[in-house]
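Data first, discussion second: the structure below is written as structure tokens.
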Amino acid sequence: MLQGADEMERGAVQMKQGAAQMRDEARKLRDPAYRAKVIAEAKANADAGKWKGANWSYKVPTDQELIDAIPKMEEGARNMDAGVDDMRRNAKTMREEAKRKD
């Protein structure tokens, strides 16, 4: 049970990092120059055929799609933070249960 709690805590740390990265990307996307860079890189990758043969299709985003993604990314980061809190509470509960069983 302690091992499971440790793994859950590691997952929480990784999720927290992911939320921070998502929040940072949303912040960067507010800059028109950054959005232009993202679009140019995506177009270059598509033109180079980097996504051919993949099991999913890739579309070069538009400026408006990137703008529209900002609040969704911020909401996703908030949801991830809530998940982190849940994981840490569950890890704490698991540790407490393991101590009671000793």
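Only the coordinates and a few stated rules stand behind these numbers; no lab work does. This is a predicted model, so every value here is computed, not measured. Cβ: placed from backbone, ideal geometry, glycine included. Neighbour counts: every protein chain shown.
With Cα extents along the principal axes in Å defined as stated, name the option among [x] 35, 34, 25; [y] 34, 27, 24; [z] 61, 32, 15 computed from the structure displayed. Checking each listed value against the structure points to [z]. Electrostatic bookkeeping for residue 18 treats Lys and Arg as +1 and Asp and Glu as -1; over the other residues with beta carbon under 11 Å from its beta carbon, the sum is -1.
Taken along the Cα-to-beta-carbon direction at a fixed 7 Å, the label points for residue 90 and residue 47 span 4.6 nm. Under a cut-off of 22 Å between alpha-carbon atoms, report the lysines in cross-link reach of residue 16, not counting same-chain residues fewer than 8 places apart. Output for residue 16: 28, 72, 92. For residue 29, nonlocal amide neighbours, meaning residues 5 or more places apart or on other chains whose placed amide H falls under 5 Å from its own, do not occur. Over all other residues within a Cβ to Cβ distance under 10 Å of residue 39, the charged ones net out to 0, with Lys and Arg as +1 and Asp and Glu as -1.
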